[in-house]
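Engineer: One structure, pasted below without further comment.
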Amino acid sequence: MTDRPRLVAVRAGALFDGVSGTLMLDPVLLMNGPVIAAVARAGTPPPGAEVVDLPGTTLLPGLIDTHVHLAFDAGPDPVAALARRDDDAALAAMRAAGRAALHAGITTVRDLGDRGYLSLRLRGTAGLPTIVAAGPPITTPAGHCHFLGGATEPTPQAVRAAVRDRADRGADVVKVMASGGTMTPGTRQETSQFTVELLRAVVDEAHRHGLPVTAHAHGTGAIRMSLDAGVDGMEHVSFWSADGVDDPGDLTGRIAGSGVTVGLTVGVAPVPGAAPPPAIAKRLPRIITNTRRLYEAGAHLVLGTDAGIGPTKPHDVLPHALQQTTMIGLTPALALTWATSRAAAACGLGGTKGRLAPGLDADIVAVDGDPLADLTALHRIRAVFARGHRVV
Ligand SMILES: [Zn+2]
């Protein structure tokens, strides 16, 4: 590192602060090392500050993807590809995945499933996004993603020990597979993997150690049991049934009333020759309808991409996800709020990330144009700062 000044003033055309639905015009954002020192309209940079001029751009908080898998390489068979890699090769691929995300303006990712706690080792690495990590998801023997190493006997003692192991290793969040999933042969999305008693044991032990729990829950039964068990978050929430998608019935209101965070799985990159699996594509219209109902009922929704699980899910897919939230009725301002301040809170980082305000981390993206008018501006990155370091 060269001895660059600690004070850096960024001048841009506009600024979205992560919370309000309007832009500040002619902002001057002052960074002091890794944190934001001041945000002012048309201010004068202090003497001695390095000045970065980005005319015509809008500054926004670095984007946050609440559900990624750095260990999956977004190829046609990410499970087989990971199995072929030893830990060093897997870590190299994970660093490349993280760099791709960061260069797209995604300055924080929550990794909800790695192998062998590899994502925990990458936390704090310069040149990568901030990583919030679960380690291997807790699953049943031969259950969804068992090959990541989180297979656990379905007994209260065993699931509590699995949670304690994650706490001891310094995981930031506990991920539990409440239902089967798409990428694990022999499991089914609509089938529950744990009883409500076992899910309660996971939640109780995690909370005892100060850790939140988010449950992978596709099927209606797994969604209901996760709610009953008191999880903090649920992923997917697709109401997947054997031949289609269930009507959520009373669960829409229950989810909204519970305040539980629902991680919507969104974001498909336009990759030539690649498409989502047919089983997902045929269910998508009803999943969108149910999601829209959840939104209208006031459920606490956030955006996650499941980046890494296939060719249409590269690690920089989140900007596409924001554009695709119009399907459930979001405005660009709301989509950006969900992908910044709301996502930060969901990841336990509401005090340090997701907003452009004094005292917060200097995770900043500059895009050409006005993303509140046109979210495709997110694909026109002019600068990215991660904890004060310019990486683009
Ligand atoms: Zn996932």
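The values are calculated or read from the model by the stated rules, or taken from the named source; none is laboratory data. Given the structure is predicted, the values throughout are model-derived calculations rather than measurements. Cβ placement follows ideal geometry from the backbone for every residue including glycine, while neighbour counts extend to all protein chains displayed.
Engineer: Return the residue satisfying two criteria in turn: it lies in the stretch 185-217 and is under 10 Å from ALA229 (Cα atoms) and charged (D, E, K, R), and of such residues it is surrounded by the fewest Cβ atoms within 10 Å (Cβ to Cβ).
Structural biologist: GLU197
Engineer: Sticking with this one: For residues that are more than 16 Å from the ligand (Cβ to nearest atom) and in contact with a Ser or Thr (Cβ under 8 Å, 6 or more places away or on another chain), scanning just the stretch 280-311, find the one that is farthest from PHE72 (Cα to Cα). Step through it out loud before you land on a result.
Structural biologist: Applying the first criterion (more than 16 Å from the ligand (Cβ to nearest atom)) to the stretch 280-311 yields 281-286, 288-301.
Checking the rest, the ones that are also in contact with a Ser or Thr (Cβ under 8 Å, 6 or more places away or on another chain) come to 283, 290, 293-294, 297, 299-301.
Values: ARG283: 24, ASN290: 28, ARG293: 31, LEU294: 29, ALA297: 34, ALA299: 29, HIS300: 27, LEU301: 24 Å.
If we take residues in the stretch 280-311 being more than 16 Å from the ligand (Cβ to nearest atom) and in contact with a Ser or Thr (Cβ under 8 Å, 6 or more places away or on another chain), then ALA297 is farthest from PHE72 (Cα to Cα).
Engineer: Residue by residue through the stretch 54-73, note down the ones that are surrounded by 24 or more Cβ atoms within 10 Å (Cβ to Cβ) and among the small types (Gly, Ala, Ser).
Structural biologist: GLY62, ALA71
Engineer: Hey, another quick one. I need the full set of residues from the stretch 13-31 which are assigned to a loop (DSSP other than H, G, I, E, B) and not acidic (Asp, Glu), in order please. Break it down into steps so the answer makes sense when it comes.
Structural biologist: From the stretch 13-31, those assigned to a loop (DSSP other than H, G, I, E, B) are 16-23, 26; that's our starting set.
Once the filter is applied, which keeps residues that are assigned to a loop (DSSP other than H, G, I, E, B) and not acidic (Asp, Glu), the stretch 13-31 yields PHE16, GLY18, VAL19, SER20, GLY21, THR22, LEU23.
Engineer: Taking ARG200 and the conditions (1) within 16 Å of the ligand (Cβ to nearest atom); (2) in contact with a helix residue (DSSP H, G or I) (Cβ under 8 Å, 6 or more places away or on another chain); (3) modelled with pLDDT of 95 or more, which numbered condition does it fall short on, given that it satisfies the others?
Structural biologist: Going through (1) within 16 Å of the ligand (Cβ to nearest atom); (2) in contact with a helix residue (DSSP H, G or I) (Cβ under 8 Å, 6 or more places away or on another chain); (3) modelled with pLDDT of 95 or more one by one, ARG200 breaks only (1).
Engineer: Taking the condition within 19 Å of the chain's Cα centre (by Cα), away from the ligand (no atom under 16 Å from the Cβ) and in the same structural domain as GLY170 (by TED's automatic domain parsing), does THR261 pass? Step through it out loud before you land on a result.
Structural biologist: Details: within 19 Å of the chain's Cα centre (by Cα): yes; away from the ligand (no atom under 16 Å from the Cβ): no; in the same structural domain as GLY170 (by TED's automatic domain parsing): yes.
Spelling it out, it is not the case that THR261 is within 19 Å of the chain's Cα centre (by Cα), away from the ligand (no atom under 16 Å from the Cβ) and in the same structural domain as GLY170 (by TED's automatic domain parsing).
Engineer: Yes or no: the stretch 96-109 includes at least one residue that is of a type in the set (Ser, Thr, Tyr), closer than 25 Å to THR352 by Cβ, within 16 Å of the ligand (Cβ to nearest atom) and at pLDDT 95 or above. Steps first, please.
Structural biologist: Step one: of the stretch 96-109, the residues of a type in the set (Ser, Thr, Tyr) are 107-108.
Restricting the remaining residues to those that are closer than 25 Å to THR352 by Cβ gives 107-108.
Now drop any that are not within 16 Å of the ligand (Cβ to nearest atom), which leaves none.
No; the residues of the stretch 96-109 include none that is of a type in the set (Ser, Thr, Tyr), closer than 25 Å to THR352 by Cβ, within 16 Å of the ligand (Cβ to nearest atom) and at pLDDT 95 or above.
Engineer: While we're on this one: For the condition in the same structural domain as ALA386 (by TED's automatic domain parsing), closer than 28 Å to GLY267 by Cβ and of a type outside the set (Val, Ile, Thr), what is the one hit in ALA14, ALA71, ALA83? Spell out how you get there, then give the answer.
Structural biologist: On the way: ALA71 fails: in the same structural domain as ALA386 (by TED's automatic domain parsing); ALA83 fails: in the same structural domain as ALA386 (by TED's automatic domain parsing).
When all the criteria are applied, what remains is ALA14.
Engineer: Which pairs have Cβ atoms under 6 Å, sit 6 or more apart or on different chains, and link a residue in the stretch 101-119 that is within 21 Å of GLY233 (Cβ to Cβ) and among the acidic types (Asp, Glu) to one that is in a loop (DSSP other than H, G, I, E, B) and modelled with pLDDT of 95 or more?
Structural biologist: ASP111/LEU70; ASP114/ALA71
Engineer: Using the structure shown, decide if PRO46 is more than 20 Å from ALA377 (Cα to Cα), of a type outside the set (A, V, I, L, M) and away from the ligand (no atom under 16 Å from the Cβ).
Structural biologist: Working: more than 20 Å from ALA377 (Cα to Cα): yes; of a type outside the set (A, V, I, L, M): yes; away from the ligand (no atom under 16 Å from the Cβ): yes.
For PRO46, the condition - more than 20 Å from ALA377 (Cα to Cα), of a type outside the set (A, V, I, L, M) and away from the ligand (no atom under 16 Å from the Cβ) - is met.
Engineer: Within 16 Å of the ligand (Cβ to nearest atom) and of a type in the set (A, V, I, L, M, F, W, C) - does that describe any residue in the stretch 242-257?
Structural biologist: At the first step, the residues of the stretch 242-257 found to be within 16 Å of the ligand (Cβ to nearest atom) are none.
No, every residue in the stretch 242-257 fails to be within 16 Å of the ligand (Cβ to nearest atom) and of a type in the set (A, V, I, L, M, F, W, C).
Engineer: Quick check on this structure: which one of GLY233, GLY219, GLY181 is touching an Asp or Glu at 6+ places or on another chain (Cβ under 6 Å) and within 16 Å of the ligand (Cβ to nearest atom)? Steps first, please.
Structural biologist: Numbers: GLY233 fails: touching an Asp or Glu at 6+ places or on another chain (Cβ under 6 Å); GLY181 fails: touching an Asp or Glu at 6+ places or on another chain (Cβ under 6 Å).
Selected residue: GLY219, the only one of GLY233, GLY219, GLY181 that is touching an Asp or Glu at 6+ places or on another chain (Cβ under 6 Å) and within 16 Å of the ligand (Cβ to nearest atom).
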